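Readers should treat all values here as calculations from the given coordinates under stated rules, not as data from a laboratory. Predicted, not measured: the structure shown is a model, and the values here were computed from it. So basically every Cβ, Gly included, is an ideal-geometry build from the backbone, and we count neighbours across all protein chains shown.
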Amino acid sequence: MNLSSVAQPRRSLRSRNPYPLYPQWIEIIMRMNHPAKKALIRYLLWVCGSALALLLMASQSEAQMAAPQQVVAPPPSAANTLLQFEDARHLLNRTSFAAQPREILEFTQLTKAQAVDRLLAETRRSAAFPAPEWTTRYERAYRPDMTPEERQAVQRRELVVRGLELKSWWTAEMLSTPTPLTEKMTLFWHNHFATSQQKVRVAQLMYRQNALLRQHALGNFAVLLREISKDPAMLIYLDGAQNRKGAPNENFAREVMELFTLGQGNYTEADIKEVARAFTGWSTDLDTGEFRFRANLHDTGEKVIFGQRGKFNGDDVITMLLKRVETSEFIVGKLWLEMVSPDVDAVEVKRIARTWREANYEIKPMLRALLLSDAFWVSQHRAVLVKSPVELVVGSLRQFQFEVEDAAPFAVIMRQLGQDLFSPPNVKGWPGGEAWLNTTTLLARKGFLNRLFRADEMASAPSTITVATAASLIDRDMMGQRRDRAQARLATVNSNSARASNATNEMMNSPTMAGGGAAMNGVNQQLRGQYYFDSHKWLSQYAKTSEADLLWKTILAGPPVQATSLKYDLAGLRALALDPMYQLK
Amino acid sequence: MQRREFLTATGGIVTALGAGALPGLALGQNVAAPIESPYKRLLVLVELKGANDGLNTLVPYADPAYAVLRPTIGVKRDQVLQLSDQFGLHPSLEPLMPLWKNKQLAAIMGLGYPQPNLSHFRSIEIWDTASKSNEYLQEGWLARAFAAVAPPKSFVADGVAVGSGDMGPFANAQRAISISSTDAFLRQSKLADPHGRAYNKALQHILRVEGDAQFAGAQLKPKNDWKTEFPKHAFGEQIKTAMQVVSASSGVAAVRVGLGSFDTHQGQVGTQANLLKQLAEGLVALKAACDELNRWDDTLVLTYCEFGRRAKENASGGTDHGTANVQFAMGGKVNGGLLGAAPSLTQLAGDNFVHATDYRALYSSVLRDWWRLPESAVDSILAGKFSSIPLLRA
């Protein structure tokens, strides 16, 4: 967004460049001979394009957008139907990643219903950030004629190299998307239909599943359930491909009922066996990477499911699952835990679930009912939910408008904090809630936040920026050698450093991260990247406010527990970020 | 009973003793003697995540029914490490054979519970909370033990979950922590700050975690001169972290490590062999480290997981979820050998083994025989009477 009216000059490397739209590092990239170059250039073009588009949008939008970006407490609303500042923040933070002050102010011009409708009106169905180049085509990863060494090399490529590229790409999408609700819901479905690359081991199929989840993230659940049941990554993950007539594999049958639709206790062990039979023959064609029904492996016999008798197939079972009220109630309950409170109100859940069924499982009307429920807005449900690692990391970077060159380090940090994208711990997904926070993860969160708000200070010594950037965010002890190597890689950018070139040699000999052919002058792109926070510019948004509380009211879901006498400076921001309240939403 | 109330009560007794009830005895003791607490005996739990296939771990090789149940993935008779004329270990467990020969390794057979639940998540919750099949408890079984009889407040923590995963048997314990690396923990715990008013449940949780981290950070002093060589894999790292906590702190009652995933629905042979190898290597290092600290005689190691696997192998070269299973105990005081009763391979309940011993008998042995907690406390922690398994040498 256009923040050029902010008086404070920037202190970044780019600010010394006479051509602000053509920063020096583009030159560096242009000189690269590296496969990632194309992607980077595409990304840069996209960033420039998006910036232009946003500038255009901003210039065309209402007066409030063109005015200097100032956060001033809105006057007590005459018509109390308009959202208060805290209410607008609450809605935005529960449904998107942490909102910027300007966005919160925009929403104070709306009523609850208008605000919810606006959130639901504009939602992307595909990612805007360019995906890695290899996602454009499918190629069978593992072939029977491969030697064990070849298989191992492919597995490393799929899991380590491409795995990290995927995580980085999704993180970048979350950081840059204009409709964060889409990503929030994509992540919700990733957690719901949890599938891990650790078992699938084909990055392309993980990517396709992610695209599927995004396409239907705010679309229709019935369609999503049918599609995900035929999704190749899911079929591999839950052994659907192994499920054959006369030799059923129960893995998918059990989880589709326990975790995807009905929930525990709403089916019998006998149902599981019969449902497994109904899904026999649903498998993946490894040559095309597509779903394939193998009729000769399908058990056409009669089954008894939920007391009904018939020659059911997998599609019939899904129809039966969608007819059961437990399915809608189970999923609405899960969304309640994600967006409303840790204590599910069974009566409200039933009401919203009914709305959902009446809307034929269209997700938007259900979300609208959830977000407009009284429970969503009551004060006792504020600051009661623990932020997920993704919400913490992406939210912090978005809210404070960090400039991020490469999202990879942040994907790695989210993994350290317990949320490794594309690798949920098991088919139940991440446990969430208070389980996000134990001594390991809370300390790692605070360590990350503490380092994050030093980014600003580093800018005063530009020559060290490249060295002391993203890798310093990654905790050495938790990452072990990987972090050291990342550091070494960054050090090589400073070409006059002798220590760096030694480190480069070391790094080039290391198979773990270097990923064949991905090295440029010994610098692997995967964990490279700068991040930068201009605290002066960010805080200048508050220059005109006389309200001392507005800073924490933007940043925290409730009054700070520890931070006192807050100043509008970097130390004040760091104190707020380290306050226990910052962990909550 | 609330932990806080109990602490107050215990504190009262200690004060009374110190104030004059038995001053002579107090003076006569060596000042540096370790705290006399039941929890000076260490419990190390090893979760075999995803549910290990016990039938291919403790192999009933002499039973003709075994080859029928496991025609392709069964462990070949000539590869079994023979323990008796009926049973043998999976070959990957070879590093544990010296322990077996020293009678410090026990296999506890036929563990399970009535009305078995075949969901990973529900069944591990049952094991972690020591609940009945149809009973939903919030607190882990060790959390309840520590609430009933509190470990010394000087301990670094009551329980330590190594790795950043779930708290398992320590769930909702008043003073349990998670550590994935002692070095990172020590550095980062400087940022911990427990002060402030917690006006809701989530904040209470955060401030408690901050307090636990601050306290533990002040207690831990890592040992950097191990003679023991810890395996390089992740499980080896976990064992090392666990032993760092044991060696470098004022004390800890229980430590939990984990290895997995054993959820071998397909292609079981290679996966399980690899995991069992890591398990054996890690446990051997654990034993060596305990010896180095002179703690092997007061260490009890127990494996556990949510269930065993289906009696008959599936068509994918794997096994589906099952019921009764075998677990292992090791330690200087362990009554080595085969304990419990192996389930029949032919008298199945549906497709599954029938358990012989309730899994809570294992916990009863820990609480009653290892920690020697009062009988009434054991019964209340386990919400019922469970006879112990003779896990320890008399």
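The calculated FRET efficiency for B:Glu229 paired with B:Lys190, based on their beta-carbon distance and R0 = 25 Å, is about 0.20.
Neighbouring Cβ atoms from other chains, within 10 Å of the Cβ of residues in B:211-223, number 1 on average.
In straight-distance terms, cross-link reach from A:Lys311 covers every one of the lysines whose alpha-carbon lies under 19 Å from its own, apart from those fewer than eight places away in the same chain; here that gives A:Lys245, A:Lys273, A:Lys303, A:Lys323. Per the Kirkwood formula applied to alpha carbons, region A:88-205 shows a radius of gyration over Rh ratio, Rg over Rh, of 1.14. Annotation: Cα Rg of region B:110-155 relative to the compact-globule expectation 2.2 N^0.38 Å equals 1.39.
Under the simplified labelling scheme, the B:Gln82-A:Arg351 pair shows an inter-label distance of 7.2 nm, with each label point 7 Å from Cα along Cα→Cβ.
Value of Rg to Rh for region B:39-382, rounded to two decimals, is 0.97; Kirkwood radius and Rg both from alpha-carbon coordinates. Here is the list for region A:101-137: trypsin sites (Lys or Arg not before Pro) lying in DSSP coil, each with at most 10 other C-beta atoms within 10 angstrom of its C-beta, are A:Arg137.
In the structure displayed, which of A:Lys428/A:Lys585; A:Lys112/B:Lys201; A:Lys334/B:Lys385; A:Lys387/B:Lys385; A:Lys184/B:Lys49 lie more than 31 Å apart, Cα to Cα? Too far apart for the 31 Å limit: A:Lys334/B:Lys385; A:Lys387/B:Lys385. Here the spin labels are modelled as points 7 Å beyond Cα on the Cα-Cβ line, and at B:Asn102 and A:Gln152 they lie 3.3 nm apart.
Mind checking the full-extension length gain between B:Lys153 and B:Arg197? Use 0.36 nm per residue of separation minus the Cα-Cα distance, one decimal, nm.
Numbers: separation 44, 0.36 × 44 = 15.84 nm, distance 2.29 nm.
Using 0.36 nm per residue and subtracting the Cα-Cα distance, I get 13.6 nm.
Please give me, ordered by residue number, the trypsin sites (Lys or Arg not before Pro) of region B:95-195 that lie in loop per DSSP and have at most 13 other Cβ atoms within 10 Å. When the trypsin sites (Lys or Arg not before Pro) of region B:95-195 are filtered for loop state and at most 13 Cβ neighbours within 10 Å, B:Lys103, B:Lys153 remain.
Projected onto its three principal axes, the C-alpha set of region B:300-394 covers 48, 29, 20 Å, listed from the longest axis down.
Between the DSSP loop rule and a limit of at most 13 other Cβ atoms within 10 Å, which chymotrypsin sites (Phe, Trp or Tyr not before Pro) in region B:123-187 are left?
Numbers: sites: B:Trp127, B:Tyr136, B:Trp141, B:Phe146, B:Phe155, B:Phe170, B:Phe185; in loops: B:Tyr136, B:Phe155.
Hits after loop and neighbour filter: B:Tyr136.
Loop sites only, by DSSP: take the GluC sites (Glu not before Pro) in chain B that have at most 15 other C-beta atoms within 10 Å and name the longest stretch containing none of them. Between exposed loop sites, the widest span is B:230-394.
Cα centroid separation, region A:366-433 to region A:158-227: 15 Å.
For region B:198-281, the gyration tensor built on C-alpha atoms gives an oblate shape. Its axis ratio a/c (a ≥ b ≥ c) is at least 1.5, and a/b is not larger than b/c.
Calculate, for B:Ala383 and A:Arg137, the FRET efficiency according to 1/(1 + (r/R0)^6) with r their C-beta to C-beta distance and R0 60 Å; round to the nearest 0.05.
Values: r = 59 Å, r/R0 = 0.98.
My answer for the efficiency is 0.55.
Note on A:240-247: average number of Cβ atoms from other chains within 10 Å of each residue's Cβ is 3.
In chain B, the DSSP-assigned H stretches of four residues or longer account for a calculated mean residue ellipticity at 222 nm of -10000 deg cm²/dmol, using -39500 (n - 2.57) per stretch and the full residue count as denominator. Between A:Gln114 and A:Thr300, the modelled labels are 6.1 nm apart [label points 7 Å from Cα along Cα→Cβ]. Think of region B:39-382 as having a plus end and a minus end, set by charges on the Cβ of Lys, Arg, Asp and Glu; of B:Ala161, B:Ala315, B:Asn102, B:Ala161 sits farthest toward the positive end of this dipole.
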